[in-house]
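The next block holds one structure in the form of structure tokens; read it before the comments.
The values are calculated or read from the model by the stated rules, or taken from the named source; none is laboratory data. Since the structure is predicted, the reported quantities are computational estimates derived from the model, not experimental observations. Please note: Cβ atoms are built from the backbone with ideal geometry, for glycine as well, and neighbour counts cover all protein chains shown. What goes into the accessible areas is simple: the full protein's heavy atoms, side chains included, and nothing from ligands, DNA or RNA. Shrake-Rupley method; radii C 1.70, N 1.55, O 1.52, S 1.80 Å.
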Amino acid sequence: MAGAVGVTEDWRWNDLVAHATLGTGRRGDVPERSLLGIALPGDGSVEDRVLQAAAAGWSARRASLRAHALEAVDARWDAPEEEPLGVAPPDALQLLDAILSGLVATPDRAGLLTRWLTVAGTAGWRISSGHLTEVLDQVPRPLPGEAVAAIGRQGRWLASLGQTRWADALIDVPTAEEQLAIGGRQRRVAAVRLWSVAPDRGHDILAERWGHWSAGVRTDVVTAVGALVRSDDEQWLEAALRDETPRVRHAAARALGRLPDSRRAQRMAERLVRLVHLDPPRRAGSGAERSRAATVTLADVRPSTADLVDATAAPPPVGLTAWWQGQVLSAAPRHAWERLTGSLDATTAVLADHPPLLLAAARAAADQRDAIWAERLRPALLAAHEAPVPPGAVLPPGGDRWMERLHDVLALVDGPWSPELTDDVVTWCATHPRPGTALGTMATLLATRAGGVLDQRLADARPTGLHAQMVASTIDRISLSRSLYRAIDHMIHDRTEP
């Protein structure tokens with residue numbers, strides 16, 4: 001190698017790595033010097049020269065930018081010579097091209113790519129080298145383990161060369177263990193990877209390193225695993241509630257909110273009983289009909305210092321009582337309401353008659369992944385589009401929150417949905433004051449979980465009025481995504497049929 005290895009500039013480094021990808025069609029006339037202080041070898045093809053310089057440069061970066069001869073480069077960073085998986089057949093790659101095209105809405109692309117990669121890996125296929133960079137740019141971070149195989153060895157090697165997004169997407173368990181232990185740049189994706197496939201190993205590292213991490217690292221780790229916590233995470237999350245840093249405590253409280261049987265949930269259940277006063281309907285006289293709704297009043301309770309340990313955010317400077325009421329109502333588990341009202345049926349009736357309480361209970365059901373409670377609350381959410389405007393109010397309280405809570409409750413229903421539920425959701429969107437926004441909010445759920453009746457409803461739709469263009473665009477988005485999901489699911493089936 002004629003020349004020393006020195007400091008690189010990020011954009012030049014990434015450009016060189018892109019050129020080093022075999023078969024991408026992105027390489028061309030590579031300049032003699034693509035990195036500051038690194039001279040390309042003079043012999044061999046352009047591709048060979050770039051690969052050698054890339055390997056030498058990365059080795060130098062890992063060794064505090066000390067120069068290394070080419071023959072001393074760690075073999076770990078050599079390009080793979082063999083691929084155990086064959087390239088996917090042309091029709092499957094054509095489907096991948098369609099997913100990567102601009103026709104697919106950005107919010108839908110990651111899910112479609114993950115499904116394609118998962119199915120392809122199951123079939124023993126990988127993506128072509130020409131798709132590597134574009135796929136790696138757009139997959140989720142981290143990519144689910146079952147989808148990684150279809151990236152191929154070359155893709156995993158390419159991701160290891162230092163492109164941040166690619167390395168995050170394909171992080172493996174050993175790297176995740178290392179990054180989590182040191183609280184490195186990849187600590188968030190490392191935590192997600194470990195809690196997804198090796199939670200026991202994550203617990204071991206956490207027990208060893210928690211006291212050595214900075215507050216920022218502790219917050220990032222707790223936040224990253226918040227949606228993945230299980231009952232065996234409760235002990236360390238309870239300890240995190242006593243952390244010296246407020247944002248760590250708040251992240252731990254949010255994570256514990258996913259566990260309806262946790263000690264925090266029990267504390268919130270006890271607070272609910274003290275907060276909510278329920279007066280049953282009274283008879284107007286002998287033989288008179290009972291009034292439909294019970295009377296609910298909320299106690300004027302201000303949180304103590306001990307109460308604030310379970311809060312998911314810092315208390316506001318004003319409106320402390322209302323804020324704390326929201327904290328308790330949106331965290332109390334289903335059994336607390338059953339204890340208060342006497343039964344699940346009575347709870348459903350009370351919440352249906354009090355929209356603000358319904359919104360808070362829907363938040364709790366979604367956070368705690370309580371499918372039973374969500375199913376009971378769903379009809380009441382579908383029966384309206386927003387909470388009634390209180391007397392004297394200028395704007396309705398949280399129209400978007402109503403839409404978001406309905407979305408969260410529906411997300412707990414696995415697909416395919418029944419024809420009745422599919423029809424109810426489509427009707428709710430169509431009759432909403434902002435049908436385009438409503439349909440867009442539910443688009444991913446409708447594309448992935450709605451029953452077959454949706455296809456006919458979308459085909460028959462004739463949007464009119466102020467929101468017609470937005471509704472029509474969203475209908476096209478949902479229809480395209482459903483078509484692509486069906487094509488992916490039949491990608492293998494169609495090739496195995498006689």
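In this structure, Gln94 and Ser418 have a Cβ-Cβ separation that, at R0 = 35 Å, corresponds to a calculated FRET efficiency of about 0.55.
Electrostatic tally near Pro379: other residues with Cβ closer than 12 Å to its Cβ, Lys and Arg +1, Asp and Glu -1, net -1. Between Val87 and Arg126, the built amide H atoms are under 5 Å apart, and every one of these is 5 or more places off in sequence or on another chain.
Within the full protein context, the accessible area of Ile492 is estimated at about 50 Å² for a probe radius of 1.4 Å.
Taking θ as phi - 60° and the Karplus parameters 6.51, -1.76 and 1.60, the scalar couplings of region 314-320 work out to 6, x, x, x, 10, x, 5 Hz in sequence order, x denoting glycine and proline. Taking amide H atoms as placed 1.01 Å from N in the peptide plane, the amide H of Thr295 lies under 5 Å from those of Asp279, each 5 or more residues away in sequence or on another chain. To the nearest 10, the accessible area of Leu278 is 50 Å² with a 1.4 Å probe. Diffusion coefficient (Stokes-Einstein, Kirkwood radius over C-alpha pairs, 4 °C, 1.567 mPa s) for region 83-216: 83 µm²/s, rounded to a whole number. Take each peptide in 223-230, 374-381, 417-424, count the other Cβ atoms within 10 Å of every residue, and average; sorted highest first, the result is 374-381, 223-230, 417-424. Using the Karplus relation 6.51 cos²θ - 1.76 cosθ + 1.60 with θ = phi - 60°, the per-residue 3J(HN,Hα) values for region 193-204 come to 4, 5, 5, 7, 10, 9, x, 4, 5, x, 4, 4 Hz, with x marking Gly and Pro. Take Asp220: with every protein chain present and a 1.4 Å probe, its accessible area is about 30 Å².
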